[in-house]
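One structure is given here, and the rest of the page talks about it.
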Amino acid sequence: MSQAAERCVGVFLSPVGQRRIAFQAACGELFGRLFLADGSEQAADLLARQPAGLLVIDLEGFERGADLAALGALLARRAGAPTLLICPFSQAGWLPALTAFGPAAYAIGPLVDAALPALVAQQLAAPADSAASGEAALRALLALRSRLQRAMTGSDELHRVAGQLCEALCGWPGVVHASLFHLSEMDDLRLAAQHASKDFDLARLLQREDRLLQSPLRDVFPGVLAAASGEIVLLDAPEKAGHPELAIGLREAGVAMVLGVPLPDAGPAAARGSLCLMFERARSFTHDELAGLGELAQLAAFGLRMAEMSREAEQMLGRLTHLATIDALTGVANRRRGELLLEQEIKRARRYRTPLALIAFDIDRFRDINERFGNPCGDVALRTVADAAQATLRGSDVLVRSGGEEFQVIAPHTTAIDALKMAEKIRNAIAATPIPGCERLTISLGVAQAAEQESADALILRTNAALARAKRAGRNCVELAMQ
């Protein structure tokens, strides 16, 4: 068979009967002979018996997990002969997967009746040679990857990294707007960052910045749809989304094409968000670009994950610091924290020549409470005493649990006289506070003002000596430490 005659032979592959009928009606006259196939095996048999000038594969109705290998084998068998893929805009992940088997042109559906015959006629006449344009596209993609790598350095804040990634993506030729959608731990998709070469606010178009998985545009806007489905979404004409308001908004912003690329997660078939690129004019992507888009998404996901890990490390450090410095039972500063704070306050008092007081108190006959009512009741008593004491203190004062039933109050800018008044206030507050499960409690207190060159240990010894005198004096009272 001559080459010209062969070019007039076509094979159309679709599992949907209505689509085969529609293609026959729209494009049948363009071929000398047109064969229709409902599956990859039938198409392979037809191509084996009858070499075809053009193979058209309509991907609507195929399942990638089940059909990719068979459809890929058809492209590999074609060995570069003209092949046209018709791909739904919401399932553009077919394109990098299939073109890995062999070169193919593609069209994004849905296609209107007039567009399909024109596209088929173009493929029959002279399939485009994309070698030169592919080389230029690959150089641009490599430059974009370098910009993304630079964007991820110098910052470990999630919001800033996301913004720098969007700014870098706007350096890809034709991109007028780039955005990043991020899925939070609560499965709430939000617009994390955006960057535009012109005045355009995507949040205004979407009518919200968060809870985007509940947005009416979830199934039509590529950035949101890609994050929700884990699929590449390519909308090469805003009208194809079937949402007039969205199409008008994009056209008014000078956007002719929108691409959504999911950000991969650690788990299979999962996404942590998406990159969304808006172009000023529609264009076709080479296989290298389609494959490279996935690599860019992995790179962006890595940068975001590193920022998240840095934030998580800071939060973990904060929790560890909290555990190391806070008494688990009462929620006040523990002994270690109290000793450190007292040293700091003594140094500050010396430097600025300001008074500093220390109050020490413990619960009277606390052992009897544990023996009569049990340890759980004793724990409640300790928490209640700490809460009652804390409620009497100023914002600058620090309550410390220094032992089992022993507490301290570090009181900056406080003289001995004022500390005595503070101690009486604490004593009265605790005496008036009911303790669930047991009788009311009393406390004994010792008060001391730090001398000019006195160490923290010496101040604690004097204050505890005053507390011991209060115990000997009959408890439920306050004693001032001797100089």
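Bear in mind these aren't lab numbers, they're just calculated from the coordinates by the rules spelled out. Note that the structure is a prediction, hence the values are computed from the model and not measured. Quick reminder, even Gly has a Cβ in these numbers, built from the backbone with ideal geometry, and neighbours come from all protein chains shown.
Couple of notes before you dig in:
- Exposure proxy order (Cβ contacts within 10 Å, fewest to most) of 197, 274: 197, 274
- With both residues required to sit in the range 3-125, DSSP beta bridges show an antiparallel share near 0%.
- Rounded to 5, the percent of DSSP beta bridges in the chain classed as antiparallel: 65 percent
- Per DSSP, loop trypsin sites (Lys or Arg not before Pro) in the range 359-388 with at most 15 further Cβ within 10 Å: 365
- Placed amide H near residue 192: partners under 5 Å, 5+ positions off or other chain: 180, 181, 182
- Gain upon complete extension [residue 211, residue 350; 0.36 nm per residue less C-alpha separation]: 44.6 nm
- Point-to-point label distance, residue 457-residue 139, nm (Cα→Cβ direction, 7 Å offset): 7.4 nm
- Residues whose amide H comes within less than 5 Å of that of residue 33, counting only those at least five positions distant or on another chain, are 9, 10 (H built at 1.01 Å from N in the peptide plane).
- Going by neighbour counts of Cβ atoms within 10 Å, the residues 415, 83 line up, fewest first, as 415, 83.
- Karplus 3J(HN,Hα) series, Hz, for the range 191-205 with 6.51 cos²θ - 1.76 cosθ + 1.60 (x for Gly, Pro): 7, 7, 6, 8, 8, 9, 7, 9, 6, 7, 10, 5, 4, 5, 5
- Chain lengthening between residue 251 and residue 283 when straightened (0.36 nm per residue, less Cα-Cα): 9.9 nm
- Computed from phi, the 3J(HN,Hα) profile of the range 43-51 under the Karplus parametrisation 6.51, -1.76, 1.60 (θ = phi - 60°) reads 5, 5, 5, 4, 5, 6, 7, 9, x Hz, with x in place of Gly and Pro.
- Residues in the range 67-84 carry Karplus couplings, in order, of 10, 4, 4, 5, 5, x, 5, 4, 5, 5, 5, 5, 6, x, 5, x, 9, 10 Hz; the curve used is 6.51 cos²θ - 1.76 cosθ + 1.60 with θ = phi - 60°, and Gly or Pro positions show x.
- CD proxy at 222 nm, helix term only [per DSSP H run n ≥ 4: -39500 (n - 2.57); per residue of the chain; nearest 500]: -15000 deg cm²/dmol
- Put the Cα centre of the range 23-76 next to the Cα centre of the range 336-374 and the gap is 84 Å.
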